[in-house]
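I have placed the structure first, in the form of structure tokens, so that the comments after it can refer back to it.
The values are calculated or read from the model by the stated rules, or taken from the named source; none is laboratory data. Source: prediction; values computed, not measured. Note that each Cβ is placed from the backbone with ideal geometry, even for glycine, and that neighbours are counted across all protein chains shown. Only protein heavy atoms, including side chains, enter the accessible area calculation; ligands, DNA and RNA are left aside. Shrake-Rupley method; radii C 1.70, N 1.55, O 1.52, S 1.80 Å.
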Amino acid sequence: MSKMSKAVLWNLWCPWLLLLCATAAFGADPPAPSYDHRFGPNPFLPSNAKAGFEGFLKPSDFPTAEYCGHCHEEAHKQWRQSAHANSFRAPFYVKNVNLLIDGKGIEYSRHCEGCHNPIALFSGALTKSSPINRSFDEDGVTCMVCHSIQKIQNTGGTGSYVMGIPAVMVKPDGTPVTTPVSYDDIFLHPELHKRAVMRDFYRTPEFCAVCHKAALPRTLNGYKWLRAFSVYDEWQNSSWSKESPLPFYKKEEVSTCQTCHMAKVDALHDYGSEQGKIASHRFLGANTAIPVFYGYADQTQKIWEYLQDNILGIDIFALNKQKLGGEQLIIPLDGQKFSVLPGDTITANVVIQNKKIGHSLVPEQRDFYESWVEFTAEDSTGRLLYHSGFLDPKGFLEPDAHSYTNRLVSNSGKLLDLHQVWETKVKTYDNTILPGRSDLVRYRFWIPPDAKGPIKLTAKVNYRRFRKGFTNFIFPDARDFPVVTMASQSGTLNLGENDPAPATNQQKLMLRWNNYGIALLGQQQYGLAEQAFQKVVEIQPNYAEGYINIALAEYSTLIENKRETPDGVGNLSVSNPLYEKFGSALKALDRALQISPGNFRALYYQGLIYRLQKRLEPAIKDQLLVVAAYPRFRQARQELGYAYYLQKKYQLAREQLEVLQAINPDDQTAHFYLSLVYEQLGMTKEALDERAAYAEQKDDPTVGALAQDFWRSHPEVTSELEPFHVHEQTLKRKYKTTVGGVLP
């Protein structure tokens, strides 16, 4: 037989071989008698995932990605290099989950595998001495894992979906075809294939939320419910969702998870393409380690481009210069004449803005990722005068670097540095930049007497996956994964006189002041923030958001003195002397509403202040206007539910709080007040359920001492806990000048 004939026969038989391998037997099997139901009759706990069938599936019930790739060639190629395809086999994950398995047992890994390896979960493989062949581990989250999900339970995450029996075809009446399907059948009836594998909710952020939001339940940690990460919540509260009026900046249109992570790309060899394009199945994000480890050059390049696509802004906005009797503030740095001399002590104020990420920097569980600010000052000879955020010779990040990370601590006070999240008792530190928000980082350094000008200042935001300590845990041989510089800015200081730069665009200058004010708000410097926002409206008097920000700064100053209630929503006592000062905030909001009538952000804050003043009717009126425009706006629903509760209008309170709970099933305010409302309405069982949920999810007051013990032994964390802090130079006292004189 000729080579050509063999090739033709292979091309004819290959699809059928793939089909037979992928879909040899459909249907659910009963649980094996030896299956460990450690967590009760639901065999999939501690994952939140549920099955739309009885028993378990066979691994072969899930058609392989290779089978799908026969027609969806481009999507398959992209998927193979993605984090989804490598969600289980990557050594970074396998070694970490084995810590859990070795310490507690394989059944506890169901919590993880509901998202990382659903085939293992739904085939019953996650039990002691399972005989199931785990070859499917190599494919992680395959095509038919996502495309077999039949329902979203809620946005609670940790696998909050319902898995159906996989089917690549339905009959004309909609009944799934659970027997092998040939490619010819699919080509003859593509509409029946599409009905089988596509659902409208696949295109929604809520679909992504089923895994890209997670909690640590009592069944996993033996302690209590703890929120792990809330990427979906961060998006839903951001300007990207357009479901809240509160973000500082507004987007022109909605951007979803799919908009950013599944953007349309060219696809010339994919039967699923429309007008030559498909939704990218690379799921581009921040996982730089997987493509480097497996040598996926295309994925590596595209992730680099993605991370450096102007998603962060950096602005060396101001300087503080120490002088006799105080400090001189030079702001904006390029906007006025000033002098810098050898021997001066300078503090650079660096504003970093999260411009294009629809969630936090860094998202998800950031304890084993690294993102940090690197700052350098060097003279014209290249001599390094100051360096913060450097890597030491062994590749470890300087402990005092300004990092976007968190620190998890166990019950024994141990730092959980290997991502042992199931041992978490308290989060002792957590720093990030939420979407549309800004951070302010301050660096103080000394200019030696023999320094040669000009002095070059450079600020960068770097990112590395993973922390060096975690990488060393994964690999016995020393290896490094690359550092990506996501954003960078440089500027120079002349030794002597510095002249202002040419006049800049006033809109740009206004936004720089606004970002500076937003950063100061985040660092609880409310008075300085108000001054910054006053500068904003001075530059642009008709900028309504500037007046709202002024009101927010004034409100934030006053609210620190409020009397707390169990959920943190309180009333400011009329006897408090600060009470009357709300008038200034209301005046600023009134000015905003004159400029922008019906501004819902202004109405929300106005209603909030009215409620704090116990003026419930106008407060409710404002919030009703807000929720009419933003029906999924959590805070307004919370305000209305609480106001109606205070008025003893329990049915109205119930309606608002139940909507709030539908948006976020883990909202503690909803749990607390619904328990009271249900009790008033005679709904005893429901009241007890909500009371139990609130008790399980509320903060544990006993962990404070554990956190304090950790802070005492980790000064690098303690210094970062202060919202408005300065990174100090440590070289000044060690400096030995050849010029002579006395060091200050």
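I'd like to know how the chain sits against the 2.2 N^0.38 Å rule of thumb: what's its Cα Rg over that expected value?
Relative to the rule-of-thumb radius for its length, the chain sits at 1.06.
Give a residue-ordered list of calculated ³J(HN,Hα) values for region 504-515 (Karplus: 6.51 cos²θ - 1.76 cosθ + 1.60, θ = phi - 60°; whole Hz; x for Gly, Pro).
9, 4, 5, 4, 5, 4, 4, 5, 5, 5, 5, 5
Take every DSSP beta bridge with both residues inside the chain and express the antiparallel ones as a percent of the total, to the nearest 5.
If I count the DSSP bridges inside the chain, around 95 percent turn out antiparallel.
Over the Cα atoms of region 587-744, how large are the radius of gyration and the largest Cα-Cα distance (Dmax), in Å?
So, for region 587-744, Rg and Dmax equal 24.5, 84 Å respectively.
Between Asp392 and Ile101, how many nm apart are label points set 7 Å from Cα along the C-beta direction?
In this crude label model, Asp392 to Ile101 measures out at 3.4 nm.
In debye to the nearest 20, how big a dipole does the chain give about its Cα centre with +1 on each Lys and Arg Cβ and -1 on each Asp and Glu Cβ?
600
Ignoring everything but the protein chains, give the 1.4 Å probe accessible area of Ile663 in square angstrom, nearest 10.
Here the residue's solvent-accessible area equals roughly 10 Å².
What FRET efficiency comes out for Asp266 versus Asn133 if R0 is 41 angstrom and r is the Cβ-Cβ distance? Round to the nearest 0.05.
0.65
Can you send over the solvent-accessible area of Arg282, 1.4 Å probe, protein chains only, in Å² to the nearest 10?
Counting only protein heavy atoms, Arg282 exposes about 20 Å² to solvent.
Given H placed 1.01 Å from N in the peptide plane, which residues other than close sequence neighbours of Ala51 have an amide H under 5 Å from its amide H?
Residues meeting the criterion, in which the H sits 1.01 Å from N, are Met163.
Give me a comma-separated list of calculated 3J(HN,Hα) values for region 68-82, in order, Karplus coefficients 6.51, -1.76, 1.60 applied at θ = phi - 60°, integers in Hz, x for any Gly or Pro.
Working through the residues one at a time gives 5, x, 4, 9, 9, 5, 5, 4, 5, 4, 5, 4, 4, 8, 8 Hz.
Taking every eigenvalue of the Cα gyration tensor of region 94-182, multiplying by 5 and rooting it, what semi-axes result, largest first, whole Å?
Over the Cα atoms of region 94-182, the semi-axes work out to 28, 16, 10 Å.
Is there a quick way to get the dipole size of region 24-170? I mean about its Cα centre, with the Cβ of Lys and Arg at +1 and of Asp and Glu at -1; what is the value in debye to the nearest 20?
In debye, rounded to 20, region 24-170 gives about 320.
Sorted by accessible area with a 1.4 angstrom probe, largest first, how do Asp392, Asp315, Asp699 fall?
Asp699, Asp392, Asp315
Just subtract the alpha-carbon distance of Arg203 and Ser584 from 0.36 nm times their residue separation and send over the number in nm, one decimal.
132.7 nm
So what's the angle, to the nearest 10 degrees on a 0 to 90 scale, between helix 704-713 and the longest Cα principal axis of the chain?
Between the helix axis and the principal axis of the chain, the angle is about 70 degrees.
List the relative contact order of region 133-262 as a percent without decimals, with contacts defined as Cα pairs under 8 Å and 6+ residues apart.
19
In whole Å, what are the extents of region 264-338 along the principal axes defined by its C-alpha atoms, from largest to smallest?
Result for region 264-338: principal-axis Cα extents of 72, 32, 14 Å.
Tell me the angle of helix 668-680 to the major Cα principal axis of the chain, expressed in degrees between 0 and 90 and rounded to the nearest ten.
In the chain, helix 668-680 runs at an angle near 70 degrees to the longest axis.
Would you work out which of Asn117, Val197, Ser129 lies farthest towards the positive end of the dipole of region 95-241, given +1 charges on the beta-carbon of Lys and Arg and -1 on that of Asp and Glu, about the Cα centre?
Ser129
Taking only Cα atoms, what is the 0 to 90° angle, nearest 10, from helix 616-629's long axis to the longest principal axis of the chain?
50
Could you list the residues of region 438-460 with an amide nitrogen less than 19 Å from a label point located 7 Å from the Cα of Leu341 in the Cα-to-C-beta direction?
Answer for this model: 445-455.
Under the rule of at least 5 residues apart or a separate chain, name every residue whose amide H is placed under 5 Å from the amide H of Lys425.
Excluding prolines and chain starts, which carry no amide H, the hits are Val409, Ser410, Asn411.
Given the C-alpha centroids of region 644-675 and region 192-238, what is the distance between them in whole angstrom?
When both Cα centres are located, 22 Å separates them.
In a Debye calculation with equal point scatterers on the alpha-carbon sites of region 390-506 and no solvent, what is log10 I(q)/I(0) at q = 0.20 Å⁻¹?
One equal scatterer on each Cα of region 390-506 leads to -1.31.
Given H placed 1.01 Å from N in the peptide plane, which residues other than close sequence neighbours of Ala487 have an amide H under 5 Å from its amide H?
Val461
On a C-alpha basis, how far is the centre of region 321-399 from the centre of region 411-468 in Å? Whole number, if you could?
Spelled out, the Cα-based centre of one part sits 11 Å from the other.
Just want to confirm a number: the relative contact order over the chain, from Cα pairs under 8 angstrom separated by 6+ residues, in percent.
10 percent.
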